[in-house]
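Just below is one structure, and these are the notes that go with it.
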(Lines give C-alpha, C1' and ligand atoms only; values in the text may rest on other atoms or scores of the structure.)
Protein backbone atom coordinates (compact mmCIF):
# COMPACT_ATOMS: atom_id res chain seq x y z
CA UNK A 1 0.00 0.00 0.00
CA UNK A 2 1.46 3.35 -1.09
CA UNK A 3 0.93 6.33 1.22
CA UNK A 4 1.00 9.97 0.13
CA UNK A 5 0.81 13.10 2.27
CA UNK A 6 0.14 16.23 0.20
CA UNK A 7 0.94 19.54 1.92
CA UNK A 8 -0.57 18.46 5.25
CA UNK A 9 -1.11 21.20 7.82
CA UNK A 10 -2.76 20.79 11.19
CA UNK A 11 -3.65 23.45 13.74
CA UNK A 12 -4.92 22.90 17.26
CA UNK A 13 -6.59 26.25 17.81
CA UNK A 14 -3.90 28.71 16.76
CA UNK A 15 -1.03 26.32 17.47
CA UNK A 16 0.50 24.70 14.36
CA UNK A 17 1.30 21.00 14.78
CA UNK A 18 2.10 20.23 11.12
CA UNK A 19 3.40 22.79 8.62
CA UNK A 20 3.04 21.64 5.01
CA UNK A 21 4.12 17.99 5.12
CA UNK A 22 4.82 16.40 1.72
CA UNK A 23 5.84 12.77 1.94
CA UNK A 24 5.63 9.55 -0.10
CA UNK A 25 5.90 6.10 1.56
CA UNK A 26 6.40 3.12 -0.74
CA UNK A 27 4.37 -0.09 -0.74
CA UNK A 28 5.82 -2.59 1.75
CA UNK A 29 8.15 -0.06 3.34
CA UNK A 30 8.79 0.11 7.09
CA UNK A 31 8.93 3.88 7.48
CA UNK A 32 9.84 5.74 10.68
CA UNK A 33 8.72 9.17 11.84
CA UNK A 34 11.49 10.28 14.19
CA UNK A 35 11.77 13.39 16.30
CA UNK A 36 11.50 14.93 19.77
CA UNK A 37 8.27 15.30 21.72
CA UNK A 38 5.97 17.90 20.16
CA UNK A 39 7.52 17.69 16.66
CA UNK A 40 4.25 16.49 15.04
CA UNK A 41 5.07 12.84 14.35
CA UNK A 42 2.11 11.36 16.28
CA UNK A 43 -0.26 13.97 14.82
CA UNK A 44 0.85 12.95 11.31
CA UNK A 45 0.30 9.26 12.16
CA UNK A 46 -3.17 10.04 13.53
CA UNK A 47 -4.03 11.93 10.33
CA UNK A 48 -3.12 8.75 8.44
CA UNK A 49 -5.22 6.58 10.76
CA UNK A 50 -8.23 8.90 10.63
CA UNK A 51 -8.09 9.93 14.29
CA UNK A 52 -7.26 13.53 13.29
CA UNK A 53 -8.41 15.49 10.25
CA UNK A 54 -5.83 17.80 8.63
CA UNK A 55 -6.60 21.50 8.59
CA UNK A 56 -5.52 21.45 4.96
CA UNK A 57 -3.90 19.03 2.53
CA UNK A 58 -4.71 15.46 1.52
CA UNK A 59 -3.90 11.91 2.66
CA UNK A 60 -3.95 9.22 -0.05
CA UNK A 61 -3.74 5.42 0.09
CA UNK A 62 -2.82 3.90 -3.27
CA UNK A 63 -3.87 7.16 -4.90
CA UNK A 64 -7.32 7.28 -3.21
CA UNK A 65 -8.11 10.39 -1.15
CA UNK A 66 -9.02 9.21 2.37
CA UNK A 67 -8.55 12.55 4.16
CA UNK A 68 -12.08 12.58 5.60
CA UNK A 69 -12.77 8.83 5.62
CA UNK A 70 -13.46 7.52 9.18
CA UNK A 71 -10.89 5.15 10.75
CA UNK A 72 -13.00 1.97 10.45
CA UNK A 73 -13.33 2.46 6.69
CA UNK A 74 -9.59 2.80 6.05
CA UNK A 75 -7.35 -0.14 5.28
CA UNK A 76 -5.19 0.73 8.30
CA UNK A 77 -4.80 -0.56 11.85
CA UNK A 78 -3.00 1.08 14.76
CA UNK A 79 -0.91 -0.36 17.59
CA UNK A 80 -1.03 2.14 20.43
CA UNK A 81 1.53 2.79 23.15
CA UNK A 82 -0.84 1.29 25.74
CA UNK A 83 -1.88 -2.30 25.05
CA UNK A 84 -5.57 -1.73 26.02
CA UNK A 85 -6.30 -5.46 26.39
CA UNK A 86 -9.62 -6.61 27.87
CA UNK A 87 -8.68 -8.10 31.29
CA UNK A 88 -11.71 -10.45 31.43
CA UNK A 89 -10.96 -11.98 28.01
CA UNK A 90 -8.40 -14.61 27.04
CA UNK A 91 -5.63 -13.83 24.59
CA UNK A 92 -7.57 -15.49 21.77
CA UNK A 93 -10.73 -13.56 22.64
CA UNK A 94 -8.81 -10.26 22.72
CA UNK A 95 -7.28 -10.97 19.32
CA UNK A 96 -10.60 -12.01 17.78
CA UNK A 97 -12.66 -9.18 19.23
CA UNK A 98 -12.28 -6.93 16.18
CA UNK A 99 -13.31 -9.73 13.84
CA UNK A 100 -16.39 -10.47 15.92
CA UNK A 101 -17.40 -6.82 15.71
CA UNK A 102 -17.01 -7.01 11.94
CA UNK A 103 -19.33 -10.01 11.78
CA UNK A 104 -16.69 -12.47 10.61
CA UNK A 105 -18.04 -16.05 10.72
CA UNK A 106 -16.81 -18.14 13.68
CA UNK A 107 -14.79 -20.72 11.73
CA UNK A 108 -13.00 -18.01 9.73
CA UNK A 109 -12.51 -15.98 12.90
CA UNK A 110 -10.85 -18.91 14.67
CA UNK A 111 -8.60 -19.58 11.69
CA UNK A 112 -7.42 -15.97 11.51
CA UNK A 113 -6.87 -15.74 15.27
CA UNK A 114 -4.77 -18.90 15.18
CA UNK A 115 -2.74 -17.54 12.26
CA UNK A 116 -2.19 -14.18 13.97
CA UNK A 117 -1.01 -15.86 17.18
CA UNK A 118 1.33 -18.02 15.12
CA UNK A 119 2.74 -14.97 13.36
CA UNK A 120 3.66 -13.29 16.66
CA UNK A 121 4.77 -16.68 18.12
CA UNK A 122 2.41 -16.93 21.12
CA UNK A 123 0.08 -19.78 20.09
CA UNK A 124 0.61 -21.46 23.48
CA UNK A 125 -0.78 -18.38 25.30
CA UNK A 126 -4.20 -18.44 23.59
CA UNK A 127 -6.13 -19.33 26.75
CA UNK A 128 -4.32 -17.06 29.19
CA UNK A 129 -5.59 -13.70 30.41
CA UNK A 130 -3.61 -10.44 30.12
CA UNK A 131 -2.66 -10.34 33.82
CA UNK A 132 -0.86 -13.66 33.33
CA UNK A 133 1.42 -12.25 30.63
CA UNK A 134 4.71 -10.37 30.65
CA UNK A 135 5.00 -6.93 29.04
CA UNK A 136 6.55 -8.41 25.91
CA UNK A 137 3.79 -11.02 25.64
CA UNK A 138 1.11 -8.33 26.01
CA UNK A 139 2.80 -6.35 23.23
CA UNK A 140 2.63 -9.42 20.98
CA UNK A 141 -1.09 -9.79 21.75
CA UNK A 142 -1.64 -6.14 20.78
CA UNK A 143 0.21 -6.79 17.51
CA UNK A 144 -1.80 -9.95 16.81
CA UNK A 145 -5.05 -8.09 17.45
CA UNK A 146 -4.01 -5.58 14.81
CA UNK A 147 -2.75 -8.13 12.28
CA UNK A 148 -5.86 -10.32 12.50
CA UNK A 149 -7.98 -7.74 10.64
CA UNK A 150 -5.49 -8.02 7.75
CA UNK A 151 -4.79 -4.31 7.20
CA UNK A 152 -2.84 -3.01 4.25
CA UNK A 153 -1.03 -0.52 6.47
CA UNK A 154 0.15 -1.00 10.05
CA UNK A 155 0.50 2.14 12.22
CA UNK A 156 2.68 1.93 15.33
CA UNK A 157 2.72 4.74 17.90
CA UNK A 158 5.79 4.16 20.12
CA UNK A 159 4.67 0.56 20.76
CA UNK A 160 7.79 -0.39 22.75
CA UNK A 161 7.83 2.59 25.13
CA UNK A 162 6.47 0.60 28.08
CA UNK A 163 8.99 -2.24 27.83
CA UNK A 164 12.36 -2.54 29.55
CA UNK A 165 15.56 -2.13 27.53
CA UNK A 166 16.14 -5.83 26.81
CA UNK A 167 12.54 -6.46 25.73
CA UNK A 168 12.66 -3.42 23.47
CA UNK A 169 15.74 -4.81 21.74
CA UNK A 170 14.12 -8.23 21.35
CA UNK A 171 10.86 -6.81 19.97
CA UNK A 172 12.55 -4.61 17.37
CA UNK A 173 13.56 -7.52 15.17
CA UNK A 174 10.21 -9.22 15.79
CA UNK A 175 8.16 -6.24 14.60
CA UNK A 176 10.33 -5.88 11.50
CA UNK A 177 10.02 -9.61 10.79
CA UNK A 178 6.23 -9.51 11.17
CA UNK A 179 5.85 -6.50 8.86
CA UNK A 180 8.08 -8.01 6.18
CA UNK A 181 6.54 -11.51 6.32
CA UNK A 182 3.02 -10.05 6.13
CA UNK A 183 4.15 -7.64 3.34
CA UNK A 184 2.68 -4.71 5.26
CA UNK A 185 3.42 -1.05 4.79
CA UNK A 186 4.39 0.05 8.29
CA UNK A 187 4.54 3.59 9.67
CA UNK A 188 6.27 3.74 13.04
CA UNK A 189 6.49 6.74 15.39
CA UNK A 190 9.38 6.97 17.84
CA UNK A 191 11.82 9.36 19.49
CA UNK A 192 14.31 6.50 19.98
CA UNK A 193 17.11 6.76 17.38
CA UNK A 194 18.29 3.19 17.98
CA UNK A 195 14.83 1.84 17.14
CA UNK A 196 14.81 3.88 13.95
CA UNK A 197 18.35 2.98 12.89
CA UNK A 198 17.94 -0.74 13.58
CA UNK A 199 14.46 -1.25 12.08
CA UNK A 200 13.64 1.31 9.40
CA UNK A 201 13.86 1.08 5.63
CA UNK A 202 13.68 4.88 5.60
CA UNK A 203 13.35 7.63 8.21
CA UNK A 204 11.83 11.11 8.24
CA UNK A 205 13.27 13.41 10.91
CA UNK A 206 10.75 16.00 12.09
CA UNK A 207 11.09 19.19 14.09
CA UNK A 208 8.44 21.82 14.87
CA UNK A 209 5.93 20.29 12.46
CA UNK A 210 8.32 20.13 9.50
CA UNK A 211 10.32 17.35 7.87
CA UNK A 212 14.02 18.20 7.94
CA UNK A 213 15.34 15.13 6.12
CA UNK A 214 14.18 11.83 4.62
CA UNK A 215 16.55 8.96 3.90
CA UNK A 216 17.79 5.51 4.78
CA UNK A 217 19.25 5.02 8.27
CA UNK A 218 22.78 5.11 6.81
CA UNK A 219 22.05 8.29 4.81
CA UNK A 220 20.55 10.06 7.81
CA UNK A 221 23.47 9.08 10.05
CA UNK A 222 26.40 9.63 7.69
CA UNK A 223 25.01 12.54 5.64
CA UNK A 224 22.75 14.62 7.90
CA UNK A 225 21.28 17.74 6.38
CA UNK A 226 21.77 20.04 9.40
CA UNK A 227 23.17 20.15 12.91
CA UNK A 228 19.81 19.22 14.46
CA UNK A 229 19.56 15.99 12.45
CA UNK A 230 23.22 15.19 13.11
CA UNK A 231 22.82 15.61 16.88
CA UNK A 232 19.41 13.94 17.14
CA UNK A 233 20.39 10.78 15.25
CA UNK A 234 23.66 10.38 17.21
CA UNK A 235 26.49 12.16 18.99
CA UNK A 236 28.70 14.48 16.97
CA UNK A 237 31.46 17.03 17.41
CA UNK A 238 30.54 20.41 15.91
CA UNK A 239 33.32 22.80 14.90
CA UNK A 240 32.83 26.29 13.42
CA UNK A 241 34.74 26.86 10.18
CA UNK A 242 34.96 28.86 6.95
CA UNK A 243 35.17 27.47 3.43
CA UNK A 244 38.71 27.72 2.03
CA UNK A 245 38.56 25.85 -1.30
CA UNK A 246 35.92 23.94 -3.25
CA UNK A 247 36.61 21.10 -5.67
CA UNK A 248 34.31 18.64 -7.42
CA UNK A 249 34.69 15.90 -4.83
CA UNK A 250 35.91 17.69 -1.71
CA UNK A 251 35.90 20.90 0.29
CA UNK A 252 38.64 22.33 2.49
CA UNK A 253 37.65 24.51 5.46
CA UNK A 254 39.63 26.60 7.92
CA UNK A 255 39.18 25.87 11.63
CA UNK A 256 40.95 27.30 14.67
CA UNK A 257 43.23 24.23 14.74
CA UNK A 258 43.97 23.95 11.03
CA UNK A 259 42.54 22.93 7.66
CA UNK A 260 40.01 20.08 7.49
CA UNK A 261 38.99 18.39 4.24
CA UNK A 262 35.59 16.76 3.68
CA UNK A 263 33.85 14.76 0.96
CA UNK A 264 30.28 15.43 2.16
CA UNK A 265 29.10 19.01 1.77
CA UNK A 266 26.12 21.10 0.55
CA UNK A 267 25.91 21.90 -3.15
CA UNK A 268 25.53 25.67 -2.68
CA UNK A 269 28.76 26.46 -0.79
CA UNK A 270 30.82 29.56 -1.52
CA UNK A 271 34.43 30.32 -0.62
CA UNK A 272 34.55 32.28 2.63
CA UNK A 273 31.11 31.13 3.77
CA UNK A 274 30.72 30.17 7.45
CA UNK A 275 29.92 26.48 7.97
CA UNK A 276 29.83 23.85 10.72
CA UNK A 277 32.06 20.77 10.61
CA UNK A 278 30.47 17.58 11.98
CA UNK A 279 32.73 14.69 13.08
CA UNK A 280 31.25 11.60 14.76
CA UNK A 281 33.19 10.56 17.91
CA UNK A 282 33.70 7.01 16.62
CA UNK A 283 35.43 8.27 13.45
CA UNK A 284 38.26 9.97 15.35
CA UNK A 285 41.39 7.91 15.97
CA UNK A 286 44.80 8.38 17.51
CA UNK A 287 47.49 8.69 14.83
CA UNK A 288 48.95 10.83 12.05
CA UNK A 289 48.01 11.04 8.37
CA UNK A 290 48.78 13.53 5.55
CA UNK A 291 45.50 15.45 5.96
CA UNK A 292 42.96 16.00 8.75
CA UNK A 293 45.51 15.52 11.55
CA UNK A 294 45.85 17.73 14.61
CA UNK A 295 47.11 17.62 18.20
CA UNK A 296 44.83 17.38 21.21
CA UNK A 297 45.20 17.10 24.97
CA UNK A 298 43.34 14.39 26.87
CA UNK A 299 41.14 15.87 29.60
CA UNK A 300 39.13 12.83 30.65
CA UNK A 301 38.77 9.16 29.69
CA UNK A 302 36.23 6.54 30.80
CA UNK A 303 36.45 2.79 30.21
CA UNK A 304 33.02 1.24 29.44
CA UNK A 305 33.98 -2.33 28.52
CA UNK A 306 33.26 -2.53 24.82
CA UNK A 307 34.37 1.07 24.32
CA UNK A 308 36.22 3.98 25.89
CA UNK A 309 34.95 7.57 25.84
CA UNK A 310 37.66 10.20 25.75
CA UNK A 311 37.31 13.98 26.05
CA UNK A 312 40.04 16.02 24.36
CA UNK A 313 40.85 19.71 24.06
CA UNK A 314 42.21 20.89 20.71
CA UNK A 315 42.11 24.60 21.54
CA UNK A 316 41.17 26.46 24.76
CA UNK A 317 37.41 26.06 25.03
CA UNK A 318 37.10 23.69 22.06
CA UNK A 319 36.59 20.09 23.16
CA UNK A 320 36.06 16.93 21.13
CA UNK A 321 34.72 13.53 22.16
CA UNK A 322 36.23 10.30 20.81
CA UNK A 323 34.83 6.74 21.06
CA UNK A 324 37.31 3.84 20.84
CA UNK A 325 35.88 0.35 20.34
CA UNK A 326 37.46 -2.66 22.08
CA UNK A 327 40.04 -0.47 23.88
CA UNK A 328 43.22 -2.08 25.20
CA UNK A 329 43.74 0.80 27.63
CA UNK A 330 42.61 4.38 28.23
CA UNK A 331 44.52 7.57 27.45
CA UNK A 332 46.04 9.33 30.44
CA UNK A 333 44.60 12.77 31.29
CA UNK A 334 47.07 15.53 30.41
CA UNK A 335 48.77 13.59 27.63
CA UNK A 336 49.12 15.13 24.18
CA UNK A 337 48.07 12.88 21.31
CA UNK A 338 47.79 13.21 17.51
CA UNK A 339 44.23 12.81 16.23
CA UNK A 340 43.13 12.02 12.70
CA UNK A 341 39.86 11.61 10.79
CA UNK A 342 39.27 10.45 7.22
CA UNK A 343 37.86 13.04 4.82
CA UNK A 344 35.00 10.65 4.02
CA UNK A 345 33.93 10.82 7.67
CA UNK A 346 33.78 14.61 7.82
CA UNK A 347 30.47 16.32 7.03
CA UNK A 348 30.13 20.03 6.23
CA UNK A 349 26.81 21.51 7.39
CA UNK A 350 25.23 24.95 7.13
CA UNK A 351 26.44 27.25 9.90
CA UNK A 352 24.28 27.05 13.01
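The values are calculated or read from the model by the stated rules, or taken from the named source; none is laboratory data. What you see is a predicted model; the values in this text were computed from it and never measured. Neighbour counts run over all protein chains shown; Cβ positions are idealised from the backbone, glycine included.
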Checklist entry - Quick one: would you say residue 87 is surrounded by fewer than 20 Cβ atoms within 10 Å (Cβ to Cβ) and touching a helix residue (DSSP H, G or I) at 6+ places or on another chain (Cβ under 6 Å)? => result yes
Item to check | Count - residues of the range 52-67 that are farther than 18 Å from residue 2 by Cα and surrounded by fewer than 16 Cβ atoms within 10 Å (Cβ to Cβ) | outcome: 3
Item to check | Filtered residues of the range 141-172 (kept if under 18 Å from the mean Cα position of the chain (by Cα) and either not in a helix (DSSP H, G or I) or not assigned by TED's automatic domain parsing to the domain that holds residue 124 (or both)) | outcome: 154, 155, 156, 157, 158, 159, 160, 161, 162, 163
Checklist outcome for this item: residue 194 meets each of (1) outside any loop (DSSP other than H, G, I, E, B); (2) modelled with pLDDT under 95; (3) outside the structural domain of residue 9 (by TED's automatic domain parsing) with one exception, condition (3)
Checklist entry - Could you give every pair whose Cβ atoms fall below 7 Å, whose first residue belongs to the range 172-186 and is free of Cβ contacts under 8 Å to residues at least 40 places away in the same chain, and whose second residue is in a helix (DSSP H, G or I), counting only separations of at least 6 or pairs across chains? => result 172/195; 172/198; 172/199; 175/199
Checklist entry - So which residues in the range 121-144 are under 16 Å from residue 175 (Cβ atoms) and free of Cβ contacts under 8 Å to residues at least 60 places away in the same chain? => result 121, 122, 135, 136, 137, 138, 139, 140, 141, 144
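Select from the range 75-120 the residues that are without any contact (Cβ under 8 Å) to a residue 40 or more places away in the chain and in a loop (DSSP other than H, G, I, E, B) and write down the one among them that is nearest to residue 134 (Cα to Cα).
This residue is 90.
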Checklist entry - Applying the selection to the range 272-291, what residues are under 20 Å from residue 227 (Cβ atoms) and surrounded by 15 or more Cβ atoms within 10 Å (Cβ to Cβ)? => result 273, 275, 276, 277, 278, 279, 280, 281, 282, 283, 284
Next on the checklist: Step by step: first the residues of the range 121-133, then only those that are touching a helix residue (DSSP H, G or I) at 6+ places or on another chain (Cβ under 7 Å) and in a helix (DSSP H, G or I), then the one that is surrounded by the fewest Cβ atoms within 10 Å (Cβ to Cβ). Which residue is that?
Outcome noted: 123
Item to check | Flag if residue 187 is within 27 Å of residue 7 (Cα to Cα) and in the same structural domain as residue 115 (by TED's automatic domain parsing) | outcome: yes
Next on the checklist: Which of the numbered conditions does residue 111 fail, given that it passes all the others? Conditions: (1) at pLDDT 90 or above; (2) closer than 30 Å to residue 16 by Cβ.
Outcome noted: (2)
Checklist entry - Any residue at all in the range 173-184 that is crowded, with 18+ Cβ neighbours inside 10 Å, assigned to a loop (DSSP other than H, G, I, E, B) and touching a strand residue (DSSP E or B) at 6+ places or on another chain (Cβ under 7 Å)? => result yes
Checklist entry - Can residue 232 be described as in contact (Cβ under 8 Å) with a residue 60 or more places away in the chain, in contact with a strand residue (DSSP E or B) (Cβ under 7 Å, 6 or more places away or on another chain) and farther than 29 Å from residue 206 by Cα? => result no
Item to check | Residue under evaluation residue 136, criteria (1) modelled with pLDDT under 95; (2) in a helix (DSSP H, G or I); (3) surrounded by fewer than 22 Cβ atoms within 10 Å (Cβ to Cβ); (4) in contact with a strand residue (DSSP E or B) (Cβ under 7 Å, 6 or more places away or on another chain), criterion not met | outcome: (4)
Checklist entry - Going by the conditions given, is residue 302 exposed (fewer than 14 other Cβ atoms within 10 Å of the Cβ), assigned by TED's automatic domain parsing to the domain that holds residue 239 and part of a strand (DSSP E or B)? => result yes
